[in-house]
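A short write-up of the structure that comes next.
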Amino acid sequence: MSSYKKVRSVTIAHLSNRLFSARMAIMLPILILFIPGMAWGFSDPKVMLPGGITPSSATEVMFYTSLGIVFGATMCAVLLSFDGISKDRASGVLEIKLSQPMQRSHQSLSLVVGHWLAILIPTWILWAISYVIVNYRMGDWPSIIDALTSFISVALILLWYVLFSLIASSHAREQGTSIAFGVGVWFLFTFLWALVTTMVAFASGVSIGEENDPKWIDLEGVLDLFSPNGVFHHLLETRLTGVERGVSPLISWFVALIWSLVPWYWFNSRMKIIQP
Amino acid sequence: MSDVVLELEDAAFRHSISSRSLSKPFGKTQGSGIFSLNLKLRRGQILGLVGPNGAGKTTLMRILAGIYPIQKGKIKYNKSKSNNLSSISEMELRSVVGHMPEQVRWQGKTTVKRALEDIAEMRGVAFRVDGILTMVGLSEMKDSELDQLSQGMRQRLTLATALLGSPKILLLDEPFNGLDPVAIRAFEKLLNELAMKGVSIIISSHRVAGMVHIVDRLALLHKGQLLIEGTLKDIESEFELDNRIEIQGPGKMPNFEKIITDSNSILQSQHTELGWTVVVRDKDDNLLNKLVSSNIKINTWKSKDTDIVEMICSATGLELEEIGFNVVSSTMMPYKTRGEEE
């Protein structure tokens, strides 16, 4: 059997194990509530967001719906993959897997892609359903480029969180550590990053939270590049008109590439030296 | 004797353990492992790897399974039948070795067949799963969930993973743990059949008695070093643990001094509730006649099995207390090898 076929088979095995797990059955209602639910709410013609904003296009509605990705889908990505390796290590199955004639780099590739697809497939389906909902409520479709950008951005943020969880899982000796790291990282980037931004702004002498202050906007834009959630929103903002946060689309995509490659390289290196 | 399929040449591996201090917060130091180990495995041979806890058995098994990379030395494999050994990479090693780790705790809602298929996919032999399940006696349990398996069934499933892909070398780490006597007998039969077909097998255990009847040779490992390798008879002879008879009798301890000659010697003697017990070395097989002619009543007469503790005590010159729970990195090297101080 060729290496490609082996990687494909093992990836599908990981995917089906996760996709049809009890965990996924529990998380699916959460995803439905967060993604199509938010799309339904934000596409209400009478909706008024804080700051007096009313989304006027499908792309704009989906930008706000992306909060569902940040709060729901990323957490599900963490919960789905936190024990990707630590469970096998605790049970002793990892030793069996490591003794199989499959390159460690191929094993890591299968693990990442299998876990990633397990959360990506339902999320993408719900994301697509959300577009249909928005069209039903507003009668507007996004352009192909807008839709493509959003689908790719969603895929990337989920990949990053899956990678963080698998890295933690590969280092952890028991599953508690692994989930603590995964949830901790999610918490940091989802809730605490605003605090980090505020602290850096305070230390830099920039007035905090002044939405009309260019210094604050620029600082927030740059600091967001150091957070996966921030990069995700930068990527979505590349398709929004009238948004200028001091970060060009090219930089946003370049940073997204770094956020993808560095953790992947880290995980791959870790898998090469992993011990049961 | 059959040809050598695998050879370890001065192989060494030491675990990296964290040694943190204020000046070196991420400091590492070398811990236990195996040292300059030379070992040959022949085609169709069953080799028993014995040693106390912490001897390095599992480490050696993991090296041979291609999980741990050796840090020094070479692993050579006979890729053809031409008796030419050549160095082998870990990846190549993994393709010819089937590894059964100790006490795998299979768990979850996955079925037995699905769990085996997941491993088989990594070998590219998922289509052979049904046959392997039948071979290990799990065909009727193939649709059961892993959580429903008993410990013995889990051992069988682990064995099934080791048999995937028709490996040339089989590594079994404490394989009899959790198996019932019937399963053990069936397992031994299977191992003998595999050996007859040319599969070389290494069985690791801390119990010699449980496997002496199925292994061709024994390798005694202690604190990361191979103390001796050979047939059980050779090893017993080397350590003067052969020709030992355990005799039990009623009443008072007889006076053996009159009976014991140069060819016999009393190794142990003790009074028990029911009478007495002595362990005697009997080199001329004439002791029984002498005891009977001296009117000594005997309840039990049996050859004394060699256990691992006696072997290690003899090999290292250490006392039982020194071996028992003294496995730390500072005492990795045996204090004494036979005949000379290290």
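Below, the figures for the structure above:
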{"quantity": "Hits in the stretch B:79-89 (condition: open to solvent by less than 60 Å² (accessible area, probe 1.4 Å) and either of a type outside the set (Gly, Ala, Ser) or farther than 13 Å from B:Lys168 by Cβ (or both))", "calculated": "B:Leu85, B:Ser86, B:Ile88, B:Ser89"}
{"quantity": "Breaking point among (1) loosely packed, with under 15 Cβ neighbours inside 10 Å; (2) assigned to a strand (DSSP E or B); (3) not aromatic (Phe, Trp, Tyr), for B:Ile245", "calculated": "(1)"}
{"quantity": "Given (1) at pLDDT below 75; (2) in a loop (DSSP other than H, G, I, E, B), index of the condition B:Val309 fails", "calculated": "(2)"}
{"quantity": "From A:Ser43, A:Ser110, A:Ser56, residue being touching a helix residue (DSSP H, G or I) at 6+ places or on another chain (Cβ under 9 Å) and either facing another protein chain (nearest Cβ under 9 Å) or not small (Gly, Ala, Ser) (or both)", "calculated": "A:Ser110"}
{"quantity": "Which numbered condition B:Lys76 fails, given (1) away from chain A (no Cβ under 12 Å); (2) more than 16 Å from B:Leu39 (Cα to Cα); (3) surrounded by fewer than 20 Cβ atoms within 10 Å (Cβ to Cβ)", "calculated": "(2)"}
{"quantity": "When residues of the stretch B:1-26 are limited to those that are within 20 Å of B:Asn84 (Cα to Cα), of a type outside the set (S, T, N, Q) and assigned to a loop (DSSP other than H, G, I, E, B), the one least open to solvent (accessible area, probe 1.4 Å)", "calculated": "B:Asp3"}
{"quantity": "Selection status of B:Leu37, more than 13 Å from chain A (Cβ to nearest Cβ) and either modelled with pLDDT under 90 or not in a loop (DSSP other than H, G, I, E, B) (or both)", "calculated": "yes"}
{"quantity": "Matching residues in the stretch A:83-93 - criterion: being in contact (Cβ under 8 Å) with a residue 12 or more places away in the chain and more than 9 Å from every other protein chain (Cβ to nearest Cβ)", "calculated": "A:Asp83, A:Gly84, A:Ile85, A:Ser86, A:Arg89"}
{"quantity": "Filter pass, B:Glu236 being surrounded by 15 or more Cβ atoms within 10 Å (Cβ to Cβ) and modelled with pLDDT under 90", "calculated": "yes"}
{"quantity": "Out of A:Ile157, A:Ile119, A:Ile125, A:Ile167, sole residue that is more than 14 Å from chain B (Cβ to nearest Cβ) and surrounded by fewer than 21 Cβ atoms within 10 Å (Cβ to Cβ)", "calculated": "A:Ile125"}
{"quantity": "Complete set of residues in the stretch B:104-117 that are open to solvent by 20 Å² or more (accessible area, probe 1.4 Å) and within 12 Å of another protein chain (Cβ to nearest Cβ)", "calculated": "B:Arg105, B:Gln107, B:Lys109, B:Thr110, B:Thr111, B:Arg114, B:Glu117"}
{"quantity": "The stretch A:258-276 residues that are away from every other protein chain (no Cβ under 14 Å), paired with ones that are aromatic (Phe, Trp, Tyr) (beta carbon under 9 Å, 6 or more apart)", "calculated": "A:Trp259/A:Trp160; A:Ser260/A:Trp160; A:Pro263/A:Trp160; A:Pro263/A:Phe164"}
{"quantity": "Sole residue being in contact with a strand residue (DSSP E or B) (Cβ under 7 Å, 6 or more places away or on another chain), in the same structural domain as B:Phe13 (by TED's automatic domain parsing), more than 23 Å from B:Ala183 (Cβ to Cβ) and of a type in the set (Ser, Thr, Tyr), chosen from B:Ser87, B:Ser80, B:Ser95", "calculated": "B:Ser87"}
{"quantity": "A:Ser207 over 30 Å from B:Glu90 (Cα atoms) and surrounded by fewer than 17 Cβ atoms within 10 Å (Cβ to Cβ)", "calculated": "yes"}
{"quantity": "In the stretch B:146-205, the residues that are open to solvent by less than 40 Å² (accessible area, probe 1.4 Å), without any contact (Cβ under 8 Å) to a residue 40 or more places away in the chain and assigned to a loop (DSSP other than H, G, I, E, B)", "calculated": "B:Phe176, B:Leu179"}
{"quantity": "Of residues in the stretch A:1-21 being open to solvent by less than 60 Å² (accessible area, probe 1.4 Å), facing chain B (nearest Cβ under 8 Å) and among the hydrophobic types (A, V, I, L, M, F, W, C), the one farthest from B:Thr111 (Cα to Cα)", "calculated": "A:Val10"}
{"quantity": "Unique residue being modelled with pLDDT of 85 or more and either open to solvent by 30 Å² or more (accessible area, probe 1.4 Å) or outside any helix (DSSP H, G or I) (or both) when the list is A:Leu261, A:Leu223", "calculated": "A:Leu261"}
{"quantity": "Filter result for A:Thr59 (open to solvent by 50 Å² or more (accessible area, probe 1.4 Å), β-branched (Val, Ile, Thr) and more than 15 Å from the chain's Cα centre (by Cα))", "calculated": "no"}
{"quantity": "Filter result (more than 9 Å from every other protein chain (Cβ to nearest Cβ) and part of a helix (DSSP H, G or I)) within the stretch B:121-145", "calculated": "B:Phe127, B:Arg128, B:Val129, B:Asp130, B:Gly131, B:Ile132, B:Leu133, B:Thr134, B:Met135, B:Ser139, B:Glu140, B:Met141"}
{"quantity": "A:Asn229 over 18 Å from the mean Cα position of the chain (by Cα) and either more than 30 Å from A:Arg104 (Cβ to Cβ) or surrounded by fewer than 20 Cβ atoms within 10 Å (Cβ to Cβ) (or both)", "calculated": "no"}
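Table: residues versus (1) among the charged types (D, E, K, R); (2) open to solvent by 40 Å² or more (accessible area, probe 1.4 Å); (3) free of Cβ contacts under 8 Å to residues at least 60 places away in the same chain; (4) away from chain A (no Cβ under 14 Å).
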position	(1), (2), (3), (4)
B:Lys28	yes, yes, yes, no
B:Ser32	no, yes, no, no
B:Arg43	yes, yes, no, yes
B:Pro52	no, no, no, yes
B:Lys72	yes, yes, no, yes
B:Met91	no, yes, yes, no
B:His99	no, no, no, no
B:Glu102	yes, yes, no, no
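Yes/no per residue for (1) open to solvent by less than 10 Å² (accessible area, probe 1.4 Å); (2) of a type outside the set (A, V, I, L, M):
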site: A:Arg23; (1), (2): no, yes
site: A:Leu31; (1), (2): yes, no
site: A:Pro36; (1), (2): no, yes
site: A:Lys46; (1), (2): no, yes
site: A:Thr74; (1), (2): yes, yes
site: A:Phe82; (1), (2): no, yes
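The values are calculated or read from the model by the stated rules, or taken from the named source; none is laboratory data. All of these numbers come straight from a predicted model, not from anything done at the bench. Neighbour counts are summed over all protein chains in view; Cβ atoms, including those assigned to glycine, are modelled from backbone coordinates with ideal geometry. Accessible surface is based on the protein model in full, side chains and every heavy atom, while ligands, DNA and RNA are left aside. Shrake-Rupley method; radii C 1.70, N 1.55, O 1.52, S 1.80 Å.
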